[in-house]
Structure formats: C-alpha cells, structure tokens
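Beneath this line is the structure, given in structure tokens, with notes to follow.
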Amino acid sequence: MQKRTNRRRQTAKPKCCRFCEAKVNYIDFKDAETLQKFQTEKGKIMPRRITGNCLDHQKMLAKAIKRARVVALVY
C-alpha cells in the first residue's frame, strides 16, 4: 500500500496592477508594444485574472486594443 502524504497548495501571491503601480491615467492605443503584451498569439485580449490588472485599467486596455485594431496597429 502507498502512503498518502499531506500536500498543501501554495498560496497565490496577490497580483498587482502594473498600471496602478506606474500611476498611469490613460492607456494610449498608439503604444503597440505595450498592447501586445496583453494579447495572446491569436490576438485575443487576456483576462483580468491572468494579467492582474484592476477593473478600470482592464477596461481602458480593452478599449485601447480595439482602437488599435481599427487603425491596424495590432492584430
């Protein structure tokens, strides 16, 4: 018979919003390099739970990515 060991899950480190730390008030849609960091390879916008952004900055980020798609700066 095998012994069962008690394994505890490690507690997750709380994610901090990068934009709040940098005190960003507006996310510019012309900054394509920053916007691509928050997209998958297929061009989908990454969710808040993965990126760790706060609600306000995630909304601004999504709007900026959509505007950059219209101007064809990102896919």
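Here, each number is a calculation from the coordinates, and none is a lab measurement. This is a predicted model, so every value here is computed, not measured. Note: ideal-geometry Cβ built from the backbone for every residue, glycine included; neighbour counts use all protein chains shown.
Under a 5 Å amide H cut-off, with hydrogens placed 1.01 Å from N, residue 74 pairs with 69 among residues at least 5 apart or on other chains.
So for the range 31-75, what percent of the C-alpha to C-alpha distances run longer than 16 Å? Of all Cα-Cα pairs in the range 31-75, 27 percent lie more than 16 Å apart. Restriction of the GluC sites (Glu not before Pro) in the range 1-55 to DSSP coil positions whose beta-carbon has at most 16 other beta-carbons within 10 angstrom yields 41. Loop-located chymotrypsin sites (Phe, Trp or Tyr not before Pro) in the range 18-56 (DSSP state other than H, G, I, E, B) with a sparse environment of at most 15 neighbouring Cβ atoms within 10 Å: 26.
Within a straight-line Cα-Cα reach of under 22 Å, residue 30 can be paired with the following lysines, leaving aside sequence neighbours fewer than 8 residues apart in one chain: 42, 44, 59, 63, 66. The coefficient of translational diffusion for the chain, derived via Stokes-Einstein from the alpha carbon Kirkwood radius under 20 °C and 1.002 mPa s, stands at 151 µm²/s. The magnitude of the dipole of the chain, with charges of +1 and -1 set on the Cβ of Lys/Arg and Asp/Glu and taken from the Cα centre, is near 700 debye. In a DSSP loop and with at most 15 other Cβ atoms within 10 Å, the trypsin sites (Lys or Arg not before Pro) in the range 5-75 are 7, 8, 9, 15, 23, 30, 42, 44. By the Cβ distance rule (another cysteine Cβ under 4.7 Å), the unpaired cysteines of the chain are 16.
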